[in-house]
Amino acid sequence: GPVKAWVKEQKQKMHAARQAELRKQVQSEQEQAAHQEALHDIARDWGSGVAGSGPDAGRRYYVNYATGRTAFDAPAYVKHALQQLRTEQREEEKMRVERDAALYKEGFQAAQRADVTGTA
């Protein structure tokens, strides 16, 4: 009857919404992968560092590996890409340190429990 038809319609709508969400998620992942690939392509052609001495000490410099030229200025897309990669590397390092600290803490607490209970 009409109730069964309504229930079936609702299930179809939920399924369509779920499928649309999955497609959107896959598309987002593909775009993110393409963006990361573009960043790494730029990083292959460009590098940067910070001058350690001289009148420009502390300034960031950029190296174009294709031409071998070094300059204190680079195209905006290069600056942005290298900045983003440095930020990602800092975040990865921070997560690694936090994970190591959590493992250390967990091991330390387990050792304390073993000492308290007398099981070694």
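The values are calculated or read from the model by the stated rules, or taken from the named source; none is laboratory data. In this text, all values refer to a predicted model and were calculated from it rather than measured experimentally. Reconstructed Cβ throughout: ideal geometry from the backbone, glycine too, with neighbour counts over all protein chains shown. Side chains are part of the model used for accessible areas, which takes the heavy atoms of the whole protein and leaves out ligands, DNA and RNA. Shrake-Rupley method; radii C 1.70, N 1.55, O 1.52, S 1.80 Å.
Worth pointing out:
- Remark: spin-label model distance Phe72-Arg99 equals 3.9 nm, labels positioned 7 Å along the Cα→Cβ axis.
- With a cut-off of 14 Å between beta carbons, the residues surrounding Ala16 carry a summed charge of +4, where Lys and Arg count +1 and Asp and Glu -1.
- With the Kirkwood sum run over all distinct C-alpha pairs, the chain has a hydrodynamic radius of 20.2 Å.
- Taking label positions 7 Å along the Cα-Cβ direction at both Leu85 and Gln27, the computed distance is 3.0 nm, reported to one decimal.
- Around Glu31: net Lys/Arg minus Asp/Glu count, Cβ-Cβ under 11 Å: -1
- The relative contact order of the range 16-96, computed from alpha carbon pairs under 8 Å that lie at least 6 residues apart in sequence, is 21 percent.
- Along each principal axis, Cα extent of the range 1-48, largest first, Å: 69, 11, 5
- Near Ala71, once Lys and Arg are set to +1 and Asp and Glu to -1 for all other residues with Cβ below 13 Å from its Cβ, the sum equals +2.
- Rolling a 1.4 Å probe over the heavy atoms of the protein chains gives the range 1-82 an accessible area of 78 Å² per residue.
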